[in-house]
Amino acid sequence: MSHRSRRFSLSRRRSHGLQRPPGAMLHAFLLSGGFVAFLWWLLFMAWGLDLPYRELGVRPGEPEGLFGILFAPLIHGDWEHLIANTPPLLLLGTLLIYSYPRAWQPTIVLIWGCAGIGTWLIGSPAVHIGASGLTHGMMFYLFVTGVIRRDGPAMAISMAVFFLYGGMLMTIVPRDPGVSWESHLSGAIGGLLAAALFARLDPRPPEKHYEWEQEGEERDDPLIGDLWKYTPEELEEMARRGESVDDEEPIYLVGDDDDDEPPPRLH
């Protein structure tokens, strides 16, 4: 290989892997933001019209409470409750949609269903409302999926969400009487199940490969090509026989300084 054709590029990318379109992050943020805006609108309407929409929450063990499986994540007790859930919904939702465009929809459905059904089965006698089961499920999904996939972006997201919301591990057990830990636990279980089922639904991202990672392979020098493979005697013999080492660029073998004839040329 001619040294003129060599490049000091350190990496190459595989052609396979999911290529996200331009604006994918903005699209993910708008979807999450739209859902959060809808929650704020619902609470505003309930507050302004004095609607008893809390009754649509999960009521464990009661047949009427099954409707809460669908509606409980949309209902919040007050503004403080919704304010607390808004940042994780925005951040975790955006990361989930952007990072796993194929898996996020079945993941949300599974977490939503597990959070509601689990709360109905094991919840204390009360009305359970709020989207915290959903946020716990997304956190557990993003964290465990990074452990399962072990590619760079997934592991980075896994570490980031654990750093920001690792405290959710402490809220899946009974602590505050006014907090539905049953919803947190059920949502977390849904996230774990989703990670087990859908973690590999999205293809791995393109991988970088560096030249120094190609252990055991002989590589041409970036300046002299494959000339390092030959001894000076072999090069002189090849020159005398008129053999070519490189078809793209001739190599001159320099002789003694007092030679009158020009040095031999490799064709």
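Rg/Rh, computed from the Cα trace of segment 51-203 with Rh as the Kirkwood radius, has the value 0.98.
Shape call for segment 132-214 from the C-alpha gyration tensor, a ≥ b ≥ c root eigenvalues: rounded (a/c under 1.5), prolate (a/b greater than b/c) or oblate? Note, shape of segment 132-214 comes out prolate. Once the mean of 1/r is taken over each pair of separate Cα atoms and inverted, segment 122-174 shows a Kirkwood hydrodynamic radius of 12.2 Å.
FYI, it's all coordinate maths here, none of it is from the lab. Small disclaimer: the values here were computed from a predicted structure and weren't measured.
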